[in-house]
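Following: one structure in structure tokens, then a few remarks.
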Amino acid sequence: MLTHEENELLTRVGPGTEMNELFRRFWLPALLAEEMPAPDSPPVRVTLLGEELVAFKDTAGRIGFLDKRCPHRLANLFWGRNEEGGLRCIYHGWKYDVEGNCLDIPNVARSDGFRENIKTFAAYPGIERGGLVWVYMGPKELTPEPPEFEWTHVPDSHRYARKMVLPSNYLQSMEGDIDSSHVSFLHRLPSYGPAAETLTGIGNPLMSQDRTPRWTIKDTDYGVMLAARRAGGGDDSYYWRVGQWLMPSYTIIAGKRDAALHCNIRVPIDDEHTIYFRLWWHADRPLSEAELDDLKHAGIMMPEIIPGTFVPVENKGNDYLIDRETQRTLSFTGIKSVPAQDFAVQDDQDGPRMDRRLEHLASSDAAIIQVRRRLLRALRELREGQEPPEAHDGARYSVRSLDMELPKDVAIEDGGREYMTAKV
Ligand code: FES
Ligand SMILES: [Fe+2]
């Protein structure tokens with residue numbers, strides 16, 4: 001149970017809040033690279049941490065995120081022309097570079113001396129890595145290192161990502177990933193098909209045979225390692241599913257040796273909306289046809305998206321297309337895709353931003369408790385003037401998840417160490 005103050009600290013993300021400041025200390029994934037495919041491609045709207053921005057890639061390939069308001073008469077720069085090294089407002093033609101400097105004021109005869117003092121209200125740098133476009137919204141002198149996730153180093157063919165916009169607070173959505181116990185219930189179904197089961201381990205019968213996992217939770221230099229231990233297939237083994245939570249809002253879902261691994265990313269839009277990236281990768285090989293087919297088309301591991309939007313087809317407005325007959329006879333939920341099963345419960349847990357004072361947490365929720373503590377600690381430290389160390393040491397993010405059986409006398413840290421270290 002959290003106090004009201006703690007819940008507010010963790011979930012309020014708008015300008016002026018402490019969580020806003022903490023998120024600003026990190027590079028934040030904001031767009032799929034394909035949303036900004038080439039120099040001078042159309043500008044893109046993006047709202048992050050309660051700030052409305054326009055992102056663009058200039059003629060030289062530099063990326064900037066500008067406050068959406070043109071400093072002249074506050075027209076929205078989203079309508080602007082991205083041309084010759086800057087974004088030109090369509091109202092009166094003023095033009096800005098990726099750093100927010102005004103380059104041209106074509107509707108004034110002698111603009112020199114005036115133009116030099118015009119800057120957009122905000123301008124943040126962007127970079128492209130791992131198939132995503134990232135933004136840094138914090139103080140320039142504290143510019144962090146990008147996190148060295150394994151998936152930021154593999155070729156594009158080894159990775160697949162989707163982006164969604166969810167109508168819930170980032171923490172609500174993220175806590176679902178560190179709630180290993182729900183997998184045995186919410187996602188229960190006799191079969192998801194071979195590709196889905198290889199991708200997640202979700203169909204592993206050991207998951208449903210033992211629905212009371214024991215947790216080993218370890219604070220690490222990147223976040224928290226969350227190891228759920230279940231009874232193994234034999235008398236001498238345990239079945240381990242190890243997920244990772246990384247500062248400030250990444251999870252790597254437990255995944256099998258030799259299968260593609262799965263990273264989820266939540267970036268707050270505002271208190272009640274979240275950008276959600278769902279990303280799969282393999283360190284050594286391109287994703288297989290079967291894997292990609294499942295991710296792109298089957299609608300089990302990746303929900304279908306309404307074309308031209310980032311809204312899942314199964315959404316709150318249509319009750320996630322729940323089928324009560326399927327719920328009675330086949331699956332636990334009657335909801336088709338695994339992510340939509342999550343959305344159905346997470347979009348409305350006491351509404352889009354839950355009051356954690358009302359919960360009754362049990363021992364199965366130990367991981368959730370630990371991650372909240374870690375975030376609260378980071379907020380306290382930042383308040384006391386200590387910068388988050390994870391933001392300045394990208395190498396800490398070179399970790400993986402795990403899904404394997406180990407002999408009972410082998411500790412997970414030892415038996416899983418080699419596999420949990422990223423290869424690149
Ligand atoms: S409002 Fe943008 S140029 Fe006038
Ligand atoms: Fe889930």
Practice prompt. Between beta-carbons, use under 10 Å as the cut-off and find the net charge around D393, counting Lys and Arg +1, Asp and Glu -1.
Written response: -3
Worksheet entry | Given K68/K119; K163/K218; K296/K316; K68/K316; K95/K119, the pairs whose alpha carbons are separated by over 19 Å | K163/K218; K296/K316; K68/K316
Item to complete: Find how many whole Å separate the alpha carbon centroid of segment 145-176 from the alpha carbon centroid of segment 1-52.
Response: 14
Worksheet, complete the sentence: Ordered by number, the trypsin sites (Lys or Arg not before Pro) in segment 44-86 that occupy a DSSP loop and have at most 13 other Cβ atoms within 10 Å are R73
Discussion item. Can you compute the FRET efficiency between T421 and H392 using 1/(1 + (r/R0)^6), with r the Cβ-Cβ distance and R0 = 25 Å? Round to the nearest 0.05.
Written reply: 0.75
Discussion item. Between segment 219-263 and segment 293-364, how far is it from one alpha carbon centroid to the other, in angstrom?
Written reply: 22
Worksheet item: Relative to the Cα centre, what is the charge dipole magnitude of the chain, using +1 at the beta carbon of each Lys and Arg, -1 at the beta carbon of each Asp and Glu, and rounding to the nearest 20 debye?
Response: 420
Worksheet item: Isolated Cys in the chain by the 4.7 Å beta carbon test?
Response: C102, C263
Discussion item. I want to check the label-to-label distance for V345 and N101. Put each point 7 Å from Cα in the C-beta direction and report it in nm to one decimal.
Written reply: 5.3
Response to the item:
Candidates E304, E21, E116; GNM for the chain (alpha-carbon contacts under 10 Å) flags as most fluctuating E116
Worksheet item: By how many degrees, between 0 and 90 and to the nearest 10, does the Cα long axis of helix 366-383 differ from the longest principal axis of the chain?
Response: 30
Item to complete: Taking the Cβ of each residue in S288, S364 as the centre, tally the other Cβ atoms inside 10 Å and list the residues starting with the fewest.
Response: S288, S364
Fill in: Fluctuation leader among L22, L171, L103 - the chain, Gaussian network, Cα springs under 10 angstrom
L103
Discussion item. For a test of the definition: using alpha carbon positions, the gyration tensor, and the 1.5 limit on a/c, classify segment 150-420 as rounded, prolate or oblate.
Written reply: rounded
Worksheet item: For the chain, what is the calculated [θ] at 222 nm in deg cm²/dmol (nearest 500), taking -39500 (n - 2.57) for each run of four or more DSSP H residues and dividing by its residue count?
Response: -5000 deg cm²/dmol
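Coordinate-derived values only; no laboratory data. What you are looking at is a predicted structure, and each value in this text was computed from that prediction instead of being measured. Glycine gets a Cβ as well: all are built from the backbone with ideal geometry, and neighbour counts include every protein chain shown.
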